[in-house]
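Contents: one structure, followed by commentary.
The values are calculated or read from the model by the stated rules, or taken from the named source; none is laboratory data. Keep in mind that what you see is a predicted model, and the values were worked out from it rather than measured. Glycine gets a Cβ as well: all are built from the backbone with ideal geometry, and neighbour counts include every protein chain shown. These accessible areas exclude ligands, DNA and RNA; they are computed on the full protein's heavy atoms, side chains included. Shrake-Rupley method; radii C 1.70, N 1.55, O 1.52, S 1.80 Å.
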Amino acid sequence: MTRRTFAQMAGMAVVARSLKAAPVSLFDGKTLDGWMQVENSATAFSSGGITDPSAFAARLTKGADSVSAFLRAHFEDSVESDLAAYSPSNENAKAAISALVKDLNQIVSGPPIYDKARFAKVILRGETEQLLRKNPSGYQLARLNKLLLEDAYPRELAISSLTGWVVKDGAMASTGSGRGVIYTAKDYNRFRLKFTMRHVSGNPDHQACVLIFCTRPAPGEKPLDALAGIQFQVPNGGHWDYRPGMNNAGGAEFTKLGNTRFDPHEWSRVEIVADASQGTAKMKVAQPVGNDPVEMLAFQDPAAGKKGPIAWQMHNAGLFDEYKDVTIEEL
């Protein structure tokens, strides 16, 4: 190799490294291109999605309609008896609805529930009819089953949506519609993520959440809750581990750094540096934006490291968060 060729190759390597390290915008302030949404409520019920528990319990236990009869046949005996005795003032009212939700979600995630005679008297929405014509499977089948039940009980069940995020005043804004995530269309391994965010409000309230080391769902597959990721609560450093078999606040793998307390309702500039190959991540926060950043939270568990998407998480319905000026630098 000549000295000239070596110099050219070295120069190309330097250029390649600089191009790789250049920060890339993940949000243009106008569209959600490059992001994908998953609303848990689109394919699963929650207690909050039952808008009139008393009326729903009465229809499920006494209703002569074909859909109610079908559901009764698939309930656990204890669920059916608790519904028959249901009253909001009962001590076990909350437990009864939770058990009902569990049974409903088993039905929704199972085989197709549509039968022409069974739903003959149910007025179906356009979305339901359109999906029904596609004869769906997997995630879309669960969506169809849930739509069918929402149509059968329009006064008792809330209408779910596939959309939990919109663009508002140049920011990615949650709509408060329900638990779910919005995640990047691309996977990342070693990166520096920067963004500006604020938690607007919540009822019930919960801190804004960022997920890393996530599991991307296969096409047609129902996503794992919170994409089975590692959660950093911004800006103050709460955390959770959503890996299968974990689903807890974690232990020694999370380390709180410092005692600074930020106002979550004010804009903060956040930086997360992560390395999936090592299972490490660290979060810094600056508030007001432009101040020197403060280290808030560190994570280390080689078993958790995973190349995957990055996500904003809606922990529950009723939350309104905003993100803007989102960039990523692959390291």
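What list of ³J(HN,Hα) couplings, whole Hz, do you get for segment 227-243 from phi and the Karplus terms 6.51, -1.76, 1.60, once you set θ to phi - 60° and write x for glycine and proline?
Running phi through 6.51 cos²θ - 1.76 cosθ + 1.60 with θ = phi - 60° gives 6, 6, x, 9, 9, 10, 8, 10, x, 9, x, x, 6, 7, 10, 9, 4 Hz.
Please work out how much accessible surface residue 114 shows to a 1.4 Å probe, ignoring ligands, DNA and RNA, in Å² rounded to 10.
Result for residue 114: roughly 80 Å² accessible.
(i) 18.6, 53; (ii) 22.5, 69; (iii) 23.5, 89: which one is Rg and Dmax of the Cα atoms in Å as calculated from this entry?
Among (i) 18.6, 53; (ii) 22.5, 69; (iii) 23.5, 89, the one derived from this structure is (iii).
For residue 166 and residue 115, what does the FRET efficiency come to when R0 = 45 Å and r is the distance between their Cβ atoms, rounded to the nearest 0.05?
Taking R0 as 45 Å, the efficiency between residue 166 and residue 115 is 0.80.
For segment 88-169, what class follows from the C-alpha gyration tensor (a ≥ b ≥ c being the square roots of its eigenvalues): rounded when a/c is under 1.5, otherwise prolate if a/b is larger than b/c, else oblate?
oblate
Helix-derived [θ] at 222 nm for the chain: sum -39500 (n - 2.57) over DSSP H runs of at least 4, divide by residue count, nearest 500? Walk me through the intermediate numbers first.
Numbers: 7 runs with 83 residues, N = 331.
Per the formula, -8000 deg cm²/dmol.
Which of the three applies to segment 251-322, rounded, prolate or oblate, going by the alpha-carbon gyration tensor with a ≥ b ≥ c and a/c under 1.5 meaning rounded?
Cα axes put segment 251-322 in the oblate bin.
Using the Karplus curve 6.51 cos²θ - 1.76 cosθ + 1.60 with θ = phi - 60°, work out ³J(HN,Hα) for each residue of segment 288-297 in order, rounded to whole Hz, and write x for Gly and Pro.
x, 4, x, 6, 5, x, 10, 5, 10, 7
Can you give the charge dipole size of segment 134-189 about its Cα centre, rounded to the nearest 20 debye, using +1 on the beta carbon of Lys and Arg and -1 on the beta carbon of Asp and Glu?
Using only the charged Cβ atoms, the result is roughly 80 debye.
Holding the Cα-Cα limit at 25 Å, pick out from 186/282; 284/307; 62/116; 222/256; 30/256; 186/324 the pairs that are longer than that.
Too far apart for the 25 Å limit: 222/256; 30/256.
Keeping all protein chains in the complex and leaving out DNA, RNA and ligands, what accessible area do you get for residue 271 with a 1.4 Å probe, in Å² to the nearest 10?
Surface open to solvent at residue 271 totals about 40 Å².
Report relative contact order for segment 275-316 in percent, whole number only (criteria: Cα-Cα under 8 Å, sequence separation at least 6).
Values: 54 pairs, mean separation 18.6, N = 42.
Relative contact order for segment 275-316 comes out at 44 percent.
Could you pull the accessible area for residue 206 with a 1.4 Å probe, rounded to 10 Å²?
So the heavy atoms of residue 206 present about 40 Å² to solvent.
For a quick check: with amide H placed at 1.01 Å from N, whose amide H comes under 5 Å from residue 314's, ignoring anything fewer than 5 positions away on the same chain?
180, 181, 182
With contacts defined as alpha carbon pairs under 8 Å and 6 or more residues apart, what's the relative contact order of the chain in percent?
Values: 657 pairs, mean separation 78.9, N = 331.
Normalised by residue count, the contact order of the chain is 24 percent.
Please get the size of the charge dipole for the chain, origin at its Cα centre, with Cβ charges of +1 on Lys and Arg and -1 on Asp and Glu, quoted in debye to the nearest 20.
The calculated dipole for the chain is roughly 1120 debye.
Amide H of residue 222: which non-local residues (sequence gap of 5 or more, or other chain) have their own amide H closer than 5 Å, using H built in the peptide plane?
Those qualifying (amide H under 5 Å, at least 5 residues apart or on another chain) are 139.
Which residues' amide hydrogens lie under 5 Å from the amide hydrogen of residue 26, considering only partners 5 or more residues apart or on another chain, with H built in the peptide plane?
Those lying under 5 Å, H to H, from residue 26 are 326, 327, 328.
Enumerate the calculated ³J(HN,Hα) couplings along segment 215-225 in order (Karplus 6.51 cos²θ - 1.76 cosθ + 1.60, θ = phi - 60°), each rounded to whole Hz, writing x wherever the residue is Gly or Pro.
My calculation for segment 215-225 gives 9, 6, x, 5, x, x, 8, 6, x, 5, 4 Hz in order.
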